[in-house]
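A quick write-up on the structure given underneath.
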Amino acid sequence: MILFSGLTAILTMPPQMNRYNPVTDAIACSTEFYCWHEKGHQLDRNYRFVSTTKEFKSVIQSYLETCDLYDLHNTYCGYIAMFPGILIPKVKCEYCTIFDTAYYGGWGGYSELYAELYALADGTIENLPLELQQFYEN
Ligand SMILES: [Zn+2]
């Protein structure tokens, strides 16, 4: 029974374990990628939620207009284009599966994109597209 509970905990842990609490400034994360993601949320908070500004949104939009979706060396272009809430609208579903909720309803938008881009860059600002770096630096 203990083994079963432990297994259940491991199987259900990752999505719940990864979070950033902007009130206490505490990060909980289970993998390196998720740690960078949560650190991205922390950075965003420290920069007064720069991901919610018109400037960030407009740089994302102009980046999408100029980047090459077919350039296999540029992971950021396709990633941003496919990100829920950016080009793909969030869709309300009547009977949501976990996937629907995660993909369309409960996840996405510029704050999540900000954190995801930081994780994609392994927390290294220089890895980000040049025009986006300004939002991650002091
Ligand atoms: Zn997040």
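One table, with the values for the structure above:
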{"quantity": "Phi to ³J(HN,Hα) by Karplus 6.51 cos²θ - 1.76 cosθ + 1.60 over region 59-67, Hz, x for Gly, Pro", "calculated": "5, 4, 4, 6, 4, 4, 6, 10, 6"}
{"quantity": "Environment charge at I60 (Cβ cut-off 15 Å; Lys +1, Arg +1, Asp -1, Glu -1)", "calculated": "-4"}
{"quantity": "Per-residue HN-Hα couplings for region 21-32 [Karplus 6.51, -1.76, 1.60; θ = phi - 60°; Hz; x = Gly/Pro]", "calculated": "9, x, 7, 8, 6, 8, 10, 10, 8, 10, 9, 4"}
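Bear in mind these aren't lab numbers, they're just calculated from the coordinates by the rules spelled out. Fair warning: this is a prediction, and the values are worked out from it, not measured in the lab. Because the Cβ atoms are built from the backbone with ideal geometry, glycine has one as well, and the counts that use them run over all protein chains shown.
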